[in-house]
1. Out of segment 82-175, which trypsin sites (Lys or Arg not before Pro) are coil in DSSP terms and have no more than 14 other C-beta atoms within 10 Å?
2. In the chain, which cysteines lack any other cysteine Cβ under 4.7 Å from their own?
3. Using every pair of alpha-carbon atoms in segment 11-164, split the distances into 10 Å bins beginning at 0 and state the percent of pairs per bin, rounded to integers.
4. Determine the per residue accessible area of the chain with all protein chains present and a 1.4 angstrom probe, expressed in square angstrom.
5. Report the label-to-label distance for residue 125 and residue 165 in nanometres (one decimal), using points 7 Å from each Cα along the Cα→Cβ vector.
6. Leaving out ligands, DNA and RNA, what percent of the accessible area of the chain is carbon and sulfur, probe 1.4 Å?
7. What is the distance in Å between the Cα centres of segment 124-179 and segment 90-120?
8. How large is the Kirkwood hydrodynamic radius of segment 111-172, in angstrom, based on all distinct alpha carbon pairs?
Amino acid sequence: MQTPWTTPTRDHTTGLVLAGGQGSRMGGRDKGLQLFAGQPLAYHALQRLQPQVSRCLVSANRHLDHYTGWGVPVLPDQLPDHLPPYPGPLAGFLTGLTHCRTPWLLTVPCDSPFFPLDLAQRLAACAHTHHARLVLAAAPDATGQLRPQPTFALLHRSLAPSLADFLQQGGHKIGQWAQEQGRILCPFDQATDHPLRSFVNINTLAELQTLE
């Protein structure tokens with residue numbers, strides 16, 4: 001039975017910090033545990049996300065004891081054996097949707113410590129306006145072109161079966177799956193927004209040192 005559409009209020013939304021990647025551009029280091037301003041990157045994301053949702057989860061595949069010490073459930077990927085390890089953020093999406101107790105799931109990456117404090121509120125408003133089941137944040141790049149930020153996603157729990165099928169078939173690109181689900185983009189392009197800072201991704205140790 002499909003979960004009925006409901007307005008994505010704070011009480012109806014679970015937050016998920018995506019920290020389950022390989023960190024290949026960081027030399028295989030666990031990106032979420034790299035320190036920024038004295039705290040792990042994923043912890044910054046968790047603290048920023050918690051006030052916006054009813055409860056939080058962390059998607060992680062290594063150092064689970066460390067993440068568990070933050071007092072939230074930690075979920076490793078649970079996928080069919082034929083899929084390769086670390087299949088990407090969509091695996092975290094599916095794990096979060098599977099364990100989510102609320103109608104909605106809000107995902108954020110572990111490597112963006114400055115994402116908007118009103119992220120959930122604005123994505124929810126966009127979902128309400130369009131009666132959408134999947135909303136992605138979008139922000140202007142350095143040239144002013146509006147671009148999706150696919151790991152900043154508000155997803156309805158009813159999307160889990162279609163996502164499971166997509167992964168089973170070897171899909172791994174968020175954008176492709178999101179397009180198939182009729183995703184809506186929520187622009188963060190107002191005068192008071194700081195898109196280049198809010199949605200910055202720290203992919204390398206050099207970028208982390210520069211940001212420090």
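1. 101, 173
2. Isolated Cys, the chain: 56, 100, 110.
3. Histogramming segment 11-164 at 10 Å steps yields 11, 42, 36, 11, 0 percent.
4. Heavy-atom SASA per residue in the chain reads 48 Å².
5. Between residue 125 and residue 165, the simple spin-label model gives 3.4 nm.
6. 51 percent
7. Taking the Cα centre of each part, segment 124-179 and segment 90-120 sit 11 Å apart.
8. Roughly 13.4 Å, rounded to one decimal.
The values are calculated or read from the model by the stated rules, or taken from the named source; none is laboratory data. As the structure is a prediction and not an experimental result, all values here were calculated from the model. Cβ: placed from backbone, ideal geometry, glycine included. Neighbour counts: every protein chain shown. Keep in mind that these areas ignore ligands, DNA and RNA; they rest on the heavy atoms of the full protein, side chains included. Shrake-Rupley method; radii C 1.70, N 1.55, O 1.52, S 1.80 Å.
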